């Protein structure tokens, strides 16, 4: 039986490099079906306890929560905006935590980040590595992917060293099931 892996690119960009990296990485898994989450497909208002009190949980949030619930694991690549999560990801994360504080349900997770810069989103990755375990993140492995535009071309990794590092993480992630 194949594992249901949810991929998430933590950005609202239509051409998100983090979405590309998450989906590419998910595609490396041998025994998985992918549920590719695009944050733009969910109409979720800016989080506010007032909005929650007045309107309850948005229906698109409930739909996303159901996807999270049915997942066997996650491949998440986070965009870095000013050294932290993108607003789109943080908003969804905040809303999901109101339904279930253990957002990630203690399911295996491969956590990535990328950016055009040489640090590859290391700052946001550090934040998530410290935060996600409190929210049910069972992080099997993590990796910043630097200089995306130089190291990922035509839908694949062109930097051999980075490709090998990612393959090791993918293999470790597959063993978690």
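The values are calculated or read from the model by the stated rules, or taken from the named source; none is laboratory data. Quick caveat: nothing in here was measured; it's all calculated off a predicted structure. No Cβ is skipped: glycine too gets one built from the backbone with ideal geometry, and neighbour counts run over all protein chains shown.
Here are a few things to note about the model shown:
- Restricting segment 113-128 to residues that are in contact with a helix residue (DSSP H, G or I) (Cβ under 6 Å, 6 or more places away or on another chain) and crowded, with 23+ Cβ neighbours inside 10 Å, the residue that is nearest to residue 68 (Cα to Cα): 113
- Taking segment 1-120 and the helices (runs of 4 or more DSSP H) fully enclosed by it, the elements with 1 or more residues that are closer than 20 Å to residue 155 by Cα and either at pLDDT 95 or above or in contact with a strand residue (DSSP E or B) (Cβ under 9 Å, 6 or more places away or on another chain) (or both) are at 17-28.
- Selection within segment 129-151 - in contact with a helix residue (DSSP H, G or I) (Cβ under 7 Å, 6 or more places away or on another chain) and in contact (Cβ under 8 Å) with a residue 12 or more places away in the chain: 135, 139, 140, 141, 142, 143, 144, 145, 148
- Per the conditions (1) surrounded by 16 or more Cβ atoms within 10 Å (Cβ to Cβ); (2) assigned to a loop (DSSP other than H, G, I, E, B), the sole criterion not satisfied by residue 139 is (2).
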